[in-house]
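Have a look at the structure below before the remarks.
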Amino acid sequence: MKIKRILVMAVVIFAGFFLQYGIFANVPLIDTVPNILLIITVSFGFMKGKIQGMVIGLFCGLFTDIVSMNALGFHMIIYIIIGYINGAFHQWMYSDYIVFPLIVTTFSSILYNLYFYVFQFLVRNRLDFIYYLTHVILPEVIYTVVLTGIIYQLLSFINYKLEMTERRSATKFV
Amino acid sequence: MKNKKKASLPARYLLFFLLLFCIGLLTVNYFKPGFLSPVTNAVNSVLLPMQKGLNHLGTGFADTAYDYQSLEEARTENQQLKEELASLKEDIGNYQQGQTELKQLQELFELKGQYTDYEMTGARVIQKDAGNWYHSFVIDKGTEDGIQADMNVIAGGGLVGIVTEVGKNFAKVRSIIDDDSNVSAMSLNSGDTCIVSGDLKLYSEGKLRLSYIDKNDNIWDDDKIVTSNISDKYLPNILIGYAQDIQTDSNNVTKSGYLVPAVDFDHLQTVLVIKTLKVTGEENQP
């Protein structure tokens, strides 16, 4: 049963990765790219708790690090932290309630972009935070949150199906 | 309640352990850059070909949308260009005369022609950065095709960027519009030097920053700005763009302004990589 979940998660992360880098990075007229991998990390952290959130964050961060060919570990840190924080909200999860996932994604996306701003731009003396906030951070946050509405539903359906099969095989043992 | 405590304790330790692991990776990377790149390269050489197909799909949609939108623009532009062509034809006659004279003089000075002589190879852009903070992209040629780090990349007659990482069948190019990019440049007319730096803030207006110009230097609006002779990575005399709004800084010592790049970075699909590396005379140093 564990293996099935691992396999499904691998497929989900791969699909999210290709969606983000293959499709959304090439959409014209909109310069902003939504962060699908962040949505996946947030959603599963929120649905399954801290540990799964962290593990999925680890792999999403690893993917981003490898593909962006920057220092390995830079994206991993923030994805792991986001997975952990959202796992802490797990106890407030009600499966059919979409507003709360949207709120946690908003804050996670802001946190992710702030981390970027501080460690990539502020350290190089780029001080005009308001500009970056309005022109880079907010568009990405809005785009990401809008997509969360769709992707969270899909992921929560996948999670529900997985839990059903897990519960079925668990009862066999008991 | 008991259950919750049991679950949260190991999670905290795991977080601590994973963060330590990441910091470890970053430390390794800081002290030994390139130590982990065999790993990333191996993964990338599997991932990128898969993505190439998807990318095709993505740009396919993009192109159709863009085509319709630009048809109207193209019509009016066509009219303008026809008029421009007529006057340019006149100019060509004058230039051809100058060209032959130049050739004779160049032979006299044994100055080899500039970047028309470099060996180049074409490459396709297969991935743009999906983050919104960077401006770099990946091309579909790597060490197998003789690409090396620090090779210059051009397109449409202007400088695009520089190769920063190379894998077997791909290479990463940091474009000059990246916020972290600085290019040593000069005015084609006067030879006075300046620095062209990318700025995320300015790029939305389609500009780059032009700075460190001496107050008395002869760089004016609409001057052609090219890469300078003294740059240690960029080959000399590659067109970067045109100067704009040059003004004296408040310190009254230097001037600065903006640069409009010669390349259209929004619709970059194929680029040329110059396979000649700049020789700076420091090659034998460790």
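Dipole magnitude of chain A about its Cα centre, charges +1 at Lys/Arg Cβ and -1 at Asp/Glu Cβ only, in debye to the nearest 20?
Dipole size: approximately 720 debye.
Using a 7 Å offset from the Cα along the Cα-to-Cβ direction at both B:Y13 and A:L127, what is the distance between the two label points in nm, to one decimal?
About 4.6 nm, to one decimal.
Considering every pair of different Cα atoms, what Kirkwood radius, in Å, is found for the range B:155-230?
13.6 Å
Under 5 Å between amide H atoms, partner at least 5 residues away or on a different chain: which partners does B:E165 have, H built in plane at 1.01 Å?
Amide H neighbours of B:E165: B:K172.
I'd like the Kirkwood hydrodynamic radius of the range B:9-83, using the inverse of the mean 1/r over distinct C-alpha pairs, in Å.
With all distinct Cα pairs of the range B:9-83 included, I get 17.6 Å.
Just tell me the longest site-free run in chain B, where the sites are GluC sites (Glu not before Pro) in a DSSP loop having at most 11 other beta-carbon atoms within 10 Å.
B:1-109
How are the alpha carbon pair distances in the protein assembly as shown distributed across 10 Å bins from zero to the largest one, expressed in percent?
With 10 Å bins starting at 0, P(r) equals 4, 16, 26, 24, 15, 8, 4, 2, 0, 0.
Of B:G122, B:G34, B:G167, which has the largest mean-square fluctuation in a 10 Å C-alpha GNM of chain B?
Highest fluctuation among the options: B:G34.
Residue by residue through A:131-137, how many Cβ atoms from other chains fall within 10 Å of the Cβ on average?
3
Let me know the volume per residue of the alpha-carbon convex hull for the range A:2-163, in Å³.
Considering the Cα atoms of the range A:2-163, their hull volume per residue is 114 Å³.
So what is the 222 nm mean residue ellipticity for chain B from helices alone, if each DSSP H run of at least 4 adds -39500 (n - 2.57) and you divide by all residues, rounding to the nearest 500 deg cm²/dmol?
Rounded to the nearest 500, it is -13500 deg cm²/dmol.
At 1.002 mPa s and 20 °C, plugging the Kirkwood radius over alpha-carbon pairs of chain B into Stokes-Einstein gives what diffusion coefficient in µm²/s?
Rounded to a whole number, D works out at 96 µm²/s.
Just want to confirm a number: the relative contact order over chain B, from Cα pairs under 8 angstrom separated by 6+ residues, in percent.
This gives 15 percent for chain B.
With 10 angstrom as the radius, rank B:W220, B:W133 by how many other C-beta atoms surround their C-beta, starting from the fewest.
With the fewest neighbours first, B:W220, B:W133 line up as B:W220, B:W133.
Name the shape class, rounded, prolate or oblate, that the alpha-carbon gyration tensor gives for the range B:117-198, where a ≥ b ≥ c are the square roots of its eigenvalues, rounded holds for a/c under 1.5, and otherwise prolate holds if a/b is larger than b/c and oblate otherwise.
Note, shape of the range B:117-198 comes out oblate.
Remind me, relative contact order of the range B:120-221 in percent, using alpha carbon pairs under 8 angstrom and six or more residues apart?
Once divided by the residue count of the range B:120-221, the mean separation gives 18 percent.
Beta carbons within 10 angstrom, averaged per residue: use that to sort the peptides B:182-192, A:128-138, highest first.
B:182-192, A:128-138
Do you know the relative contact order of the range A:6-53, to the nearest whole percent, from alpha carbon pairs under 8 angstrom that are 6+ apart?
About 30 percent, as a whole number.
How many times 2.2 N^0.38 Å is the alpha carbon radius of gyration of the range B:119-277?
Its radius of gyration relative to the 2.2 N^0.38 Å reference: 1.03.
Measuring from label point to label point, each 7 Å out along Cα→Cβ, what is the B:D63 to A:D31 span in nm?
Those two pseudo-labels are separated by 2.5 nm.
Counting partner chain Cβ atoms within 10 Å of every residue's Cβ in A:76-86, what's the average?
3
Read the figures in this text as sums done on the coordinates, not as results from a lab. No experiment lies behind these values; they were computed from the predicted model shown. Ideal geometry is used to build each Cβ from the backbone, glycine not excepted, and the neighbour counts take in all protein chains shown.
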